[in-house]
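Undergrad: Got a structure for you, written out below as C-alpha coordinates; questions coming shortly.
The values are calculated or read from the model by the stated rules, or taken from the named source; none is laboratory data. Bear in mind the structure is a predicted one, so any value in this text is a computation, not a measurement. Note that each Cβ is placed from the backbone with ideal geometry, even for glycine, and that neighbours are counted across all protein chains shown.
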Amino acid sequence: MFLKNAWYVAGWDTEIHADTLLARRLLGEDLVLFRGENGLFVALEDRCCHRLAPLSKGQREGNNVRCMYHGLVFDGSGRCVEVPGQDRIPERLCVRSYPVVERDHLIWVWMGRPELATPDTIHDTHWHDCPGWQAERGGYIHYESNVQLIADNLLDFSHLGFVHNRSIGTRKQGNVRPDVDFADESVAVRFTTLDSPPPPFVRELSTLPESVDRFNYYVWHIRGNYFVQDSVVAPVGGGYDSTDPTTVKLHTFIALTPRDEHTTHYFWSTAHNEFCSSAQELTSKLTVQVARAFQEDREIIEAQQRSINAAPDAPMGAIAADGTLLRVRRMLDVMLGREAQESPASAVQPGVPA
Ligand code: FES
Ligand SMILES: [Fe+2]
(Lines give C-alpha, C1' and ligand atoms only; values in the text may rest on other atoms or scores of the structure.)
(Ligands and ions follow the chains in the order given, each with its own letter.)
Protein backbone atom coordinates (compact mmCIF):
# COMPACT_ATOMS: atom_id res chain seq x y z
CA MET A 1 0.00 0.00 0.00
CA PHE A 2 2.94 2.34 0.67
CA LEU A 3 6.17 2.71 -1.24
CA LYS A 4 8.88 1.34 1.01
CA ASN A 5 11.96 2.23 -0.97
CA ALA A 6 11.90 5.92 -0.14
CA TRP A 7 13.28 8.39 2.35
CA TYR A 8 10.47 9.53 4.61
CA VAL A 9 10.58 12.36 7.10
CA ALA A 10 10.41 10.73 10.53
CA GLY A 11 10.67 13.87 12.64
CA TRP A 12 12.45 17.11 13.44
CA ASP A 13 15.88 17.04 15.06
CA THR A 14 14.47 19.19 17.87
CA GLU A 15 12.22 16.33 18.95
CA ILE A 16 15.20 14.25 20.03
CA HIS A 17 17.38 15.41 22.91
CA ALA A 18 20.22 13.62 24.65
CA ASP A 19 18.20 10.97 26.43
CA THR A 20 15.13 10.91 24.21
CA LEU A 21 13.92 7.58 22.90
CA LEU A 22 11.27 8.69 20.45
CA ALA A 23 8.61 6.11 19.64
CA ARG A 24 7.20 6.74 16.19
CA ARG A 25 5.00 4.63 13.99
CA LEU A 26 5.87 4.92 10.29
CA LEU A 27 4.16 3.02 7.47
CA GLY A 28 2.57 0.71 10.00
CA GLU A 29 5.90 -0.15 11.66
CA ASP A 30 6.91 0.90 15.18
CA LEU A 31 10.33 2.52 15.39
CA VAL A 32 12.41 3.97 18.18
CA LEU A 33 14.61 6.92 17.24
CA PHE A 34 17.47 8.32 19.27
CA ARG A 35 20.72 10.20 18.95
CA GLY A 36 23.81 8.33 20.05
CA GLU A 37 26.54 9.92 22.15
CA ASN A 38 28.51 10.21 18.88
CA GLY A 39 25.81 12.59 17.58
CA LEU A 40 24.47 10.16 14.98
CA PHE A 41 20.82 9.23 14.82
CA VAL A 42 19.71 5.63 15.15
CA ALA A 43 16.39 4.13 14.05
CA LEU A 44 15.49 0.65 15.32
CA GLU A 45 12.46 -1.52 15.39
CA ASP A 46 10.67 -0.59 18.62
CA ARG A 47 10.26 -4.16 19.77
CA CYS A 48 12.84 -5.99 21.80
CA CYS A 49 13.59 -9.39 20.28
CA HIS A 50 13.55 -11.02 23.72
CA ARG A 51 9.99 -10.66 25.03
CA LEU A 52 8.83 -7.90 22.68
CA ALA A 53 8.81 -4.97 25.12
CA PRO A 54 9.15 -1.58 23.38
CA LEU A 55 12.74 -0.35 23.33
CA SER A 56 11.36 3.19 23.60
CA LYS A 57 10.56 2.29 27.24
CA GLY A 58 14.25 1.60 27.77
CA GLN A 59 17.20 3.93 28.13
CA ARG A 60 19.97 5.20 25.94
CA GLU A 61 23.47 4.18 26.94
CA GLY A 62 26.19 5.80 24.85
CA ASN A 63 25.43 4.86 21.26
CA ASN A 64 23.20 1.96 22.31
CA VAL A 65 19.80 1.38 23.81
CA ARG A 66 19.03 -0.88 26.77
CA CYS A 67 15.68 -2.62 27.01
CA MET A 68 14.48 -1.92 30.54
CA TYR A 69 12.57 -5.14 30.91
CA HIS A 70 15.40 -7.70 31.22
CA GLY A 71 18.30 -5.46 30.26
CA LEU A 72 19.39 -6.54 26.78
CA VAL A 73 21.48 -3.88 25.02
CA PHE A 74 21.32 -3.18 21.25
CA ASP A 75 23.74 -1.16 19.18
CA GLY A 76 22.89 1.16 16.27
CA SER A 77 22.90 -1.72 13.80
CA GLY A 78 20.30 -3.55 15.89
CA ARG A 79 22.71 -6.23 17.09
CA CYS A 80 22.39 -7.35 20.71
CA VAL A 81 25.70 -6.57 22.43
CA GLU A 82 24.86 -7.44 26.03
CA VAL A 83 22.68 -9.97 27.80
CA PRO A 84 22.86 -9.59 31.59
CA GLY A 85 24.17 -12.76 33.20
CA GLN A 86 25.07 -14.43 29.90
CA ASP A 87 28.42 -14.48 28.08
CA ARG A 88 27.50 -15.82 24.66
CA ILE A 89 25.14 -13.71 22.58
CA PRO A 90 23.42 -15.60 19.74
CA GLU A 91 23.49 -13.88 16.32
CA ARG A 92 19.73 -14.12 16.05
CA LEU A 93 19.28 -11.75 19.00
CA CYS A 94 18.84 -8.58 17.02
CA VAL A 95 16.24 -6.05 15.97
CA ARG A 96 15.80 -4.45 12.59
CA SER A 97 17.66 -1.20 12.03
CA TYR A 98 16.68 1.40 9.46
CA PRO A 99 18.99 3.75 7.52
CA VAL A 100 18.57 7.21 9.02
CA VAL A 101 20.02 10.59 8.07
CA GLU A 102 19.73 14.04 9.62
CA ARG A 103 19.62 16.77 6.98
CA ASP A 104 18.66 20.44 7.37
CA HIS A 105 17.03 19.74 10.76
CA LEU A 106 14.90 16.91 9.40
CA ILE A 107 15.34 13.25 10.27
CA TRP A 108 14.84 11.04 7.23
CA VAL A 109 14.36 7.28 7.51
CA TRP A 110 14.54 4.71 4.71
CA MET A 111 11.76 2.17 5.14
CA GLY A 112 12.66 -0.28 2.40
CA ARG A 113 15.61 -2.40 1.36
CA PRO A 114 18.65 -0.92 3.09
CA GLU A 115 21.02 -1.60 0.19
CA LEU A 116 18.99 0.84 -1.94
CA ALA A 117 19.24 3.73 0.55
CA THR A 118 21.43 6.45 -0.93
CA PRO A 119 21.49 9.64 1.17
CA ASP A 120 22.30 11.83 -1.85
CA THR A 121 18.70 11.38 -3.03
CA ILE A 122 17.39 13.16 0.08
CA HIS A 123 15.71 16.39 -0.89
CA ASP A 124 17.61 19.62 -0.32
CA THR A 125 15.84 21.85 2.21
CA HIS A 126 18.77 24.16 2.91
CA TRP A 127 16.48 27.20 3.27
CA HIS A 128 15.81 25.93 6.79
CA ASP A 129 19.14 27.62 7.57
CA CYS A 130 19.93 30.12 4.86
CA PRO A 131 20.90 33.82 4.73
CA GLY A 132 18.12 35.98 3.25
CA TRP A 133 15.41 33.59 4.40
CA GLN A 134 13.57 33.51 7.69
CA ALA A 135 12.42 29.99 8.37
CA GLU A 136 10.00 28.57 10.87
CA ARG A 137 10.70 24.90 11.36
CA GLY A 138 9.19 22.19 13.49
CA GLY A 139 5.61 22.25 12.22
CA TYR A 140 3.67 19.09 12.89
CA ILE A 141 0.06 17.99 12.58
CA HIS A 142 -1.33 14.58 13.42
CA TYR A 143 -3.94 13.61 10.86
CA GLU A 144 -6.76 11.17 11.44
CA SER A 145 -6.87 10.35 7.77
CA ASN A 146 -5.25 8.22 5.12
CA VAL A 147 -2.28 9.92 3.49
CA GLN A 148 -3.84 9.91 0.05
CA LEU A 149 -6.66 12.29 0.96
CA ILE A 150 -4.08 14.83 2.14
CA ALA A 151 -2.00 14.37 -1.00
CA ASP A 152 -5.14 14.92 -3.07
CA ASN A 153 -5.73 18.19 -1.25
CA LEU A 154 -2.19 19.40 -1.89
CA LEU A 155 -2.52 18.56 -5.57
CA ASP A 156 -5.67 20.56 -6.06
CA PHE A 157 -5.51 24.30 -5.55
CA SER A 158 -9.12 24.78 -6.55
CA HIS A 159 -9.98 24.35 -2.87
CA LEU A 160 -8.10 27.52 -1.95
CA GLY A 161 -11.00 29.85 -2.62
CA PHE A 162 -13.36 27.78 -0.48
CA VAL A 163 -11.54 26.03 2.36
CA HIS A 164 -9.21 29.01 2.81
CA ASN A 165 -11.43 31.91 1.86
CA ARG A 166 -10.66 33.58 5.18
CA SER A 167 -6.91 32.92 5.26
CA ILE A 168 -4.70 32.30 2.21
CA GLY A 169 -7.23 31.92 -0.57
CA THR A 170 -9.46 34.05 -2.76
CA ARG A 171 -12.60 32.92 -4.55
CA LYS A 172 -11.10 33.77 -7.94
CA GLN A 173 -8.48 31.04 -7.47
CA GLY A 174 -11.21 28.42 -7.58
CA ASN A 175 -11.62 29.19 -11.28
CA VAL A 176 -7.95 29.23 -12.30
CA ARG A 177 -6.58 26.15 -14.07
CA PRO A 178 -2.93 25.39 -13.40
CA ASP A 179 -0.16 24.40 -15.82
CA VAL A 180 0.89 20.89 -14.97
CA ASP A 181 4.06 19.02 -15.97
CA PHE A 182 4.46 15.36 -15.14
CA ALA A 183 7.84 13.73 -14.67
CA ASP A 184 8.61 10.09 -13.81
CA GLU A 185 7.94 10.32 -10.10
CA SER A 186 6.79 13.87 -9.54
CA VAL A 187 4.43 16.50 -10.80
CA ALA A 188 5.08 20.23 -11.11
CA VAL A 189 2.07 22.51 -10.87
CA ARG A 190 2.12 26.19 -11.75
CA PHE A 191 -0.76 28.32 -10.63
CA THR A 192 -0.83 31.94 -11.73
CA THR A 193 -3.40 34.55 -10.76
CA LEU A 194 -2.83 37.96 -12.32
CA ASP A 195 -4.13 41.34 -11.26
CA SER A 196 -6.30 40.25 -8.38
CA PRO A 197 -6.58 41.10 -4.68
CA PRO A 198 -3.82 39.78 -2.45
CA PRO A 199 -4.70 37.07 0.04
CA PRO A 200 -5.71 38.36 3.49
CA PHE A 201 -2.40 37.48 5.16
CA VAL A 202 -0.42 39.48 2.60
CA ARG A 203 -2.78 42.41 2.93
CA GLU A 204 -2.18 42.39 6.66
CA LEU A 205 1.57 41.89 6.67
CA SER A 206 2.96 43.57 3.57
CA THR A 207 2.87 46.93 1.83
CA LEU A 208 1.76 45.53 -1.51
CA PRO A 209 -1.04 47.35 -3.36
CA GLU A 210 -4.65 46.19 -3.52
CA SER A 211 -4.08 44.35 -6.76
CA VAL A 212 -1.21 41.90 -7.24
CA ASP A 213 0.07 39.02 -9.33
CA ARG A 214 0.35 35.67 -7.57
CA PHE A 215 2.49 32.70 -8.56
CA ASN A 216 2.17 29.39 -6.77
CA TYR A 217 4.65 26.89 -8.14
CA TYR A 218 5.01 23.58 -6.46
CA VAL A 219 6.34 20.09 -6.97
CA TRP A 220 4.83 16.99 -5.46
CA HIS A 221 7.29 14.13 -5.05
CA ILE A 222 5.51 10.80 -5.03
CA ARG A 223 8.48 8.85 -3.64
CA GLY A 224 8.63 10.03 -0.04
CA ASN A 225 5.37 12.01 -0.19
CA TYR A 226 6.64 15.54 0.06
CA PHE A 227 5.62 18.85 -1.37
CA VAL A 228 7.86 21.83 -2.05
CA GLN A 229 6.25 25.11 -2.95
CA ASP A 230 7.51 28.48 -4.07
CA SER A 231 4.96 31.26 -3.82
CA VAL A 232 5.44 34.78 -5.04
CA VAL A 233 3.09 37.72 -4.52
CA ALA A 234 4.34 40.65 -6.61
CA PRO A 235 3.15 44.04 -7.81
CA VAL A 236 1.19 43.69 -11.06
CA GLY A 237 3.58 43.10 -13.98
CA GLY A 238 6.48 42.22 -11.69
CA GLY A 239 6.51 38.57 -12.69
CA TYR A 240 7.70 35.49 -10.81
CA ASP A 241 11.24 36.92 -10.65
CA SER A 242 10.07 40.31 -9.38
CA THR A 243 12.83 42.27 -7.69
CA ASP A 244 10.49 44.90 -6.29
CA PRO A 245 11.34 45.15 -2.56
CA THR A 246 7.69 44.75 -1.58
CA THR A 247 7.51 41.34 -3.27
CA VAL A 248 6.58 38.54 -0.90
CA LYS A 249 8.31 35.20 -1.48
CA LEU A 250 7.48 32.07 0.43
CA HIS A 251 8.93 28.63 0.55
CA THR A 252 6.72 25.90 1.99
CA PHE A 253 7.78 22.34 2.70
CA ILE A 254 5.32 19.63 3.64
CA ALA A 255 6.17 15.98 4.14
CA LEU A 256 3.38 13.48 4.58
CA THR A 257 4.59 10.31 6.21
CA PRO A 258 1.96 7.62 6.60
CA ARG A 259 1.70 6.59 10.23
CA ASP A 260 -0.44 3.69 9.11
CA GLU A 261 -3.39 3.21 6.80
CA HIS A 262 -5.64 5.45 8.89
CA THR A 263 -3.38 8.18 10.27
CA THR A 264 -0.66 10.43 8.89
CA HIS A 265 2.24 12.54 10.15
CA TYR A 266 2.26 15.99 8.54
CA PHE A 267 5.61 17.77 8.96
CA TRP A 268 5.88 21.30 7.67
CA SER A 269 7.97 24.43 7.57
CA THR A 270 7.76 27.82 5.96
CA ALA A 271 10.39 30.31 4.98
CA HIS A 272 9.99 33.81 3.62
CA ASN A 273 12.22 36.45 2.17
CA GLU A 274 12.93 39.56 4.21
CA PHE A 275 10.29 41.79 2.68
CA CYS A 276 9.75 43.92 5.72
CA SER A 277 11.98 45.31 8.43
CA SER A 278 10.59 43.42 11.42
CA ALA A 279 11.32 40.01 9.93
CA GLN A 280 11.27 38.05 13.17
CA GLU A 281 7.89 39.36 14.22
CA LEU A 282 6.70 38.69 10.72
CA THR A 283 7.88 35.09 10.79
CA SER A 284 5.78 34.22 13.79
CA LYS A 285 2.76 36.10 12.41
CA LEU A 286 3.11 34.33 9.10
CA THR A 287 3.50 30.98 10.78
CA VAL A 288 0.29 31.54 12.71
CA GLN A 289 -1.50 32.34 9.45
CA VAL A 290 -0.10 29.33 7.61
CA ALA A 291 -0.83 27.06 10.57
CA ARG A 292 -4.41 28.29 10.53
CA ALA A 293 -4.70 27.44 6.83
CA PHE A 294 -3.31 23.96 7.49
CA GLN A 295 -5.87 23.46 10.27
CA GLU A 296 -8.58 24.47 7.80
CA ASP A 297 -7.35 21.68 5.52
CA ARG A 298 -7.22 19.21 8.39
CA GLU A 299 -10.80 19.92 9.42
CA ILE A 300 -12.25 19.31 5.97
CA ILE A 301 -10.03 16.30 5.20
CA GLU A 302 -10.70 14.54 8.50
CA ALA A 303 -14.41 15.21 8.02
CA GLN A 304 -14.09 13.76 4.50
CA GLN A 305 -12.35 10.69 5.94
CA ARG A 306 -15.14 10.17 8.49
CA SER A 307 -17.69 10.48 5.72
CA ILE A 308 -15.82 7.90 3.62
CA ASN A 309 -15.55 5.57 6.62
CA ALA A 310 -19.31 5.79 7.08
CA ALA A 311 -19.94 4.84 3.45
CA PRO A 312 -16.80 3.17 2.09
CA ASP A 313 -18.45 2.07 -1.15
CA ALA A 314 -20.00 5.42 -2.06
CA PRO A 315 -18.75 6.48 -5.52
CA MET A 316 -16.87 9.75 -6.10
CA GLY A 317 -17.79 11.87 -9.10
CA ALA A 318 -14.81 13.31 -10.96
CA ILE A 319 -14.54 16.93 -12.12
CA ALA A 320 -11.91 18.58 -14.32
CA ALA A 321 -9.94 19.84 -11.32
CA ASP A 322 -9.34 16.22 -10.25
CA GLY A 323 -7.25 15.44 -13.34
CA THR A 324 -3.88 15.92 -11.69
CA LEU A 325 -4.57 14.01 -8.53
CA LEU A 326 -6.10 11.10 -10.43
CA ARG A 327 -3.07 10.85 -12.69
CA VAL A 328 -0.75 11.02 -9.68
CA ARG A 329 -2.66 8.15 -8.11
CA ARG A 330 -2.14 6.12 -11.29
CA MET A 331 1.59 6.97 -11.23
CA LEU A 332 1.76 5.78 -7.63
CA ASP A 333 0.01 2.53 -8.57
CA VAL A 334 2.63 1.92 -11.27
CA MET A 335 5.46 2.64 -8.81
CA LEU A 336 3.90 0.32 -6.21
CA GLY A 337 3.56 -2.42 -8.81
CA ARG A 338 7.18 -1.99 -9.86
CA GLU A 339 8.38 -2.07 -6.26
CA ALA A 340 6.35 -5.20 -5.53
CA GLN A 341 8.04 -6.93 -8.47
CA GLU A 342 11.53 -5.75 -7.55
CA SER A 343 11.21 -6.20 -3.78
CA PRO A 344 9.52 -9.43 -2.84
CA ALA A 345 8.08 -9.23 0.67
CA SER A 346 10.83 -11.51 1.95
CA ALA A 347 13.50 -8.94 1.03
CA VAL A 348 13.07 -7.01 4.27
CA GLN A 349 12.72 -9.22 7.29
CA PRO A 350 12.03 -7.83 10.72
CA GLY A 351 14.77 -8.98 13.07
CA VAL A 352 17.52 -8.77 10.47
CA PRO A 353 19.90 -5.90 11.08
CA ALA A 354 20.63 -3.56 8.18
S1 FES B 1 11.85 -7.87 26.68
FE2 FES B 1 13.62 -6.76 26.33
S3 FES B 1 15.10 -7.60 27.61
FE4 FES B 1 13.36 -8.84 27.89
FE1 LIG C 1 -5.24 23.79 1.60
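Undergrad: Test A18 against the stated conditions and say whether it is in contact (Cβ under 8 Å) with a residue 12 or more places away in the chain, within 30 Å of G337 (Cβ to Cβ) and either out of contact with any Gly (no Cβ under 8 Å at 6 or more places or on another chain) or of a type in the set (G, A, S) (or both).
TA: Numbers: in contact (Cβ under 8 Å) with a residue 12 or more places away in the chain: yes; within 30 Å of G337 (Cβ to Cβ): no; either out of contact with any Gly (no Cβ under 8 Å at 6 or more places or on another chain) or of a type in the set (G, A, S) (or both): yes.
In short, no.
Undergrad: Name every residue in the stretch 139-162 that is within 16 Å of ligand 2 (Cβ to nearest atom), closer than 28 Å to P99 by Cα and of a type in the set (S, T, N, Q), in order of residue number.
TA: Passing the criteria: S145, Q148.
Undergrad: Given I107, I141, I150, which one is in contact with a helix residue (DSSP H, G or I) (Cβ under 9 Å, 6 or more places away or on another chain), assigned to a strand (DSSP E or B), closer than 23 Å to R25 by Cβ and not assigned by TED's automatic domain parsing to the domain that holds A43?
TA: Only one candidate qualifies: I141.
Undergrad: Please work out which residue is surrounded by the fewest Cβ atoms within 10 Å (Cβ to Cβ), limiting yourself to the stretch 33-89 and to residues that are touching a residue at least 24 places away in the same chain (Cβ under 8 Å) and of a type in the set (V, I, T).
TA: V42
Undergrad: Just one of the numbered conditions (1) touching a residue at least 24 places away in the same chain (Cβ under 8 Å); (2) within 16 Å of ligand 2 (Cβ to nearest atom); (3) assigned to a loop (DSSP other than H, G, I, E, B) is not true of N165; which one?
TA: Just one mismatch for N165, condition (1).
Undergrad: Hey, can you tell me all the residues within the stretch 278-292 that are modelled with pLDDT of 80 or more and surrounded by fewer than 14 Cβ atoms within 10 Å (Cβ to Cβ)?
TA: Within the stretch 278-292, the subset modelled with pLDDT of 80 or more is 287-292.
Of everything in the stretch 278-292, just one residue is modelled with pLDDT of 80 or more and surrounded by fewer than 14 Cβ atoms within 10 Å (Cβ to Cβ), namely V288.
Undergrad: Further, regarding this structure: How about the stretch 37-52: which of its residues are part of a loop (DSSP other than H, G, I, E, B) and either within 16 Å of ligand 2 (Cβ to nearest atom) or under 18 Å from C94 (Cα atoms) (or both)?
TA: If we filter the stretch 37-52 for residues that are part of a loop (DSSP other than H, G, I, E, B), which is where we start, we get 37-40, 46-52.
Across the stretch 37-52, the qualifying residues are D46, R47, C48, C49, H50, R51, L52.
Undergrad: So for the stretch 123-138 (the condition being under 18 Å from T252 (Cβ atoms), within 13 Å of ligand 2 (Cβ to nearest atom) and either touching a residue at least 12 places away in the same chain (Cβ under 8 Å) or aromatic (F, W, Y) (or both)), does at least one residue qualify? Talk me through it step by step, then tell me what you get.
TA: If we filter the stretch 123-138 for residues that are under 18 Å from T252 (Cβ atoms), which is where we start, we get 123-130, 132-138.
Cutting the leftovers down to within 13 Å of ligand 2 (Cβ to nearest atom) gives us none.
No: zero hits.
Undergrad: If the requirement is being under 27 Å from A6 (Cα atoms), assigned to a helix (DSSP H, G or I) and more than 16 Å from ligand 1 (Cβ to nearest atom), which of these qualifies: I308, I254, I301?
TA: Exactly one of I308, I254, I301 is under 27 Å from A6 (Cα atoms), assigned to a helix (DSSP H, G or I) and more than 16 Å from ligand 1 (Cβ to nearest atom), namely I301.
Undergrad: A further question follows. Test V9 against the stated conditions and say whether it is at negative phi, in contact (Cβ under 8 Å) with a residue 12 or more places away in the chain and over 27 Å from the mean Cα position of the chain (by Cα).
TA: Numbers: at negative phi: yes; in contact (Cβ under 8 Å) with a residue 12 or more places away in the chain: yes; over 27 Å from the mean Cα position of the chain (by Cα): no.
Criteria not met by V9.
Undergrad: Also, I was wondering about something else. Just one of S231, S269 is among the hydroxyl-bearing types (S, T, Y), without any contact (Cβ under 8 Å) to a residue 24 or more places away in the chain and in a strand (DSSP E or B); which is it? It would help to see each step written out before you state the result.
TA: On the way: S269 fails: without any contact (Cβ under 8 Å) to a residue 24 or more places away in the chain.
On inspection, the qualifying residue turns out to be S231.
Undergrad: Which one is surrounded by the most Cβ atoms within 10 Å (Cβ to Cβ), of the residues in the stretch 17-32 that are farther than 28 Å from Q148 by Cα and not polar (S, T, N, Q)?
TA: At the first step, the residues of the stretch 17-32 found to be farther than 28 Å from Q148 by Cα are 17-21.
From what is left, the residues that are not polar (S, T, N, Q) are 17-19, 21.
Numbers: H17: 10, A18: 8, D19: 10, L21: 21.
Filtering first and then ranking leaves L21.
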